[in-house]
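Peer 1: One structure coming up, written as structure tokens, with questions to follow.
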Amino acid sequence: MALDSISSEEVAQTGVGSQGDVIIVEDLWRTYDMGSEQQVQALRGISMRIKHNEYVAIMGPSGSGKSTLMNLIGCLDTPSKGRYWLNGQLVSELNDDELARIRNKEIGFVFQTFNLLARASSLHNVELPLIYNGTPAAARLARAKESLTDVGLESRMNHKPNELSGGQRQRVAIARALVNRPSIILADEPTGNLDSKTGLEIMALFDTLHANGNTVVLVTHEPDIAEYAHRVVHIRDGQIFSDEPSKRFQ
């Protein structure tokens, strides 16, 4: 799915924002130097667009490049070649500090392993992104409570992770991802550590987040999980193999 070469000015004119493209990647390559003059081409010229309020699954086997693409979309890494616009900003050329600010403002991450602080309450875990960006304490507390209520955990705010079920811990992680009101929810194998029933509950929550206006990008190797998305992008050998509506929406 190739894109013609485009300038930053042209991106600004394409409607990036409320109804336009929130993500544009153009000819992205990521090369890793392995020493002894050996290189691994993890991504090989990927181009794609994701619109505001789309629900997209990125699929591929281990080693396909989907995790590398997730890291680039999530501003956790920079491409070796190519350009990436997020909400109209050319982020592929930002330094580490600038990328960190973009991550905290624009992207909410949900990981397979939850990544919660073991000794902190649900409320404090959800507050953390707001602490990092300097939100005042009163506003921080109110927004963290609101976020936990939105995922159905108003009665578990003072519980620590070891006092919660796996599904509840993932809901805390989702509440934390939502607390900064990001443009994108980026979920990496969000049901990987959950049983089937709990996994279905978490995917139903993602359906609700999407219905409420969030852009959701889901990285998974499980076809049944990918089918919750409206569009499925298959990655193979660092390239897009297919990009089509999911079977639910064909």
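The values are calculated or read from the model by the stated rules, or taken from the named source; none is laboratory data. Keep in mind that what you see is a predicted model, and the values were worked out from it rather than measured. Don't worry about glycine lacking a Cβ; one is built from the backbone with ideal geometry, like all the others, and counts go over all protein chains shown.
Peer 1: Please go through region 87-113 and give me each residue that is under 18 Å from GLY45 (Cα atoms) and either out of contact with any strand residue (DSSP E or B) (no Cβ under 6 Å at 6 or more places or on another chain) or part of a strand (DSSP E or B) (or both), ordered by number.
Peer 2: LEU90, GLU93 - these are the residues of region 87-113 that are under 18 Å from GLY45 (Cα atoms) and either out of contact with any strand residue (DSSP E or B) (no Cβ under 6 Å at 6 or more places or on another chain) or part of a strand (DSSP E or B) (or both).
Peer 1: May I pose another question? Any chance region 127-145 includes a residue that's in a loop (DSSP other than H, G, I, E, B), out of contact with any Lys or Arg (no Cβ under 6 Å at 6 or more places or on another chain) and within 22 Å of ASN53 (Cβ to Cβ)?
Peer 2: Taking region 127-145 as the starting set, the residues that turn out to be in a loop (DSSP other than H, G, I, E, B) are 133-136.
After this cut, where a residue has to be out of contact with any Lys or Arg (no Cβ under 6 Å at 6 or more places or on another chain) as well, the list is 133-136.
In the following step, the residues that additionally are within 22 Å of ASN53 (Cβ to Cβ) were identified as none.
No, region 127-145 contains no residue that is in a loop (DSSP other than H, G, I, E, B), out of contact with any Lys or Arg (no Cβ under 6 Å at 6 or more places or on another chain) and within 22 Å of ASN53 (Cβ to Cβ).
Peer 1: Does GLY134 satisfy the condition of being closer than 24 Å to THR198 by Cα, at pLDDT below 95 and over 19 Å from the mean Cα position of the chain (by Cα)?
Peer 2: no
Peer 1: Of these, ASN162, ASN104, ASN133, ASN180, which one is under 30 Å from LEU28 (Cα atoms), exposed (fewer than 15 other Cβ atoms within 10 Å of the Cβ) and touching a residue at least 24 places away in the same chain (Cβ under 8 Å)?
Peer 2: Result of the check over ASN162, ASN104, ASN133, ASN180: ASN133.
Peer 1: For the structure I just gave you, tell me whether LEU116 is closer than 25 Å to GLN168 by Cβ, touching a Pro at 6+ places or on another chain (Cβ under 7 Å) and modelled with pLDDT of 90 or more.
Peer 2: So LEU116 passes the test.
Peer 1: Kindly establish whether SER36 is under 23 Å from ASN95 (Cα atoms), of a type outside the set (Val, Ile, Thr) and over 15 Å from the mean Cα position of the chain (by Cα).
Peer 2: So SER36 fails the test.
Peer 1: Here's another thing I want to ask about it. Does at least one position in region 31-38 carry a residue that is under 23 Å from ALA187 (Cα atoms), in contact with a Ser or Thr (Cβ under 9 Å, 6 or more places away or on another chain) and at pLDDT 90 or above?
Peer 2: no
Peer 1: Then there's this: Among the listed residues ASP224, ASP188, ASP237, ASP207, which satisfies the condition of being of a type outside the set (A, V, I, L, M), in contact with a Phe, Trp or Tyr (Cβ under 7 Å, 6 or more places away or on another chain) and exposed (fewer than 15 other Cβ atoms within 10 Å of the Cβ)?
Peer 2: It is ASP207.
Peer 1: In a strand (DSSP E or B) and among the small types (Gly, Ala, Ser): is that true of GLY63 in this structure?
Peer 2: Here the answer is no, as GLY63 does not meet what is asked.
Peer 1: Restricting to region 137-159, name every residue that is within 17 Å of ALA120 (Cβ to Cβ), loosely packed, with under 12 Cβ neighbours inside 10 Å and not polar (S, T, N, Q).
Peer 2: Scanning region 137-159 gives a single hit, ALA137.
Peer 1: Got at least one residue in region 174-182 being part of a loop (DSSP other than H, G, I, E, B) and in contact with a strand residue (DSSP E or B) (Cβ under 7 Å, 6 or more places away or on another chain)? Working first, answer last.
Peer 2: Taking region 174-182 first, the residues part of a loop (DSSP other than H, G, I, E, B) are 179-182.
Still in the running and in contact with a strand residue (DSSP E or B) (Cβ under 7 Å, 6 or more places away or on another chain): 180, 182.
Yes, region 174-182 contains a residue that is part of a loop (DSSP other than H, G, I, E, B) and in contact with a strand residue (DSSP E or B) (Cβ under 7 Å, 6 or more places away or on another chain).
Peer 1: Something else now. Return the pair list, or none, for Cβ contacts closer than 9 Å from residues in region 139-151 that are at negative phi and touching a residue at least 24 places away in the same chain (Cβ under 8 Å) to residues that are hydroxyl-bearing (Ser, Thr, Tyr) and crowded, with 20+ Cβ neighbours inside 10 Å, at least 6 apart or on different chains.
Peer 2: ALA144/SER122; LEU148/SER122
Peer 1: What are the residues in region 183-200 that are in a loop (DSSP other than H, G, I, E, B) and closer than 24 Å to ILE23 by Cβ, if any?
Peer 2: Within region 183-200, the subset in a loop (DSSP other than H, G, I, E, B) is 183, 189-195.
Passing the criteria: SER183, GLU189, PRO190, THR191, GLY192.
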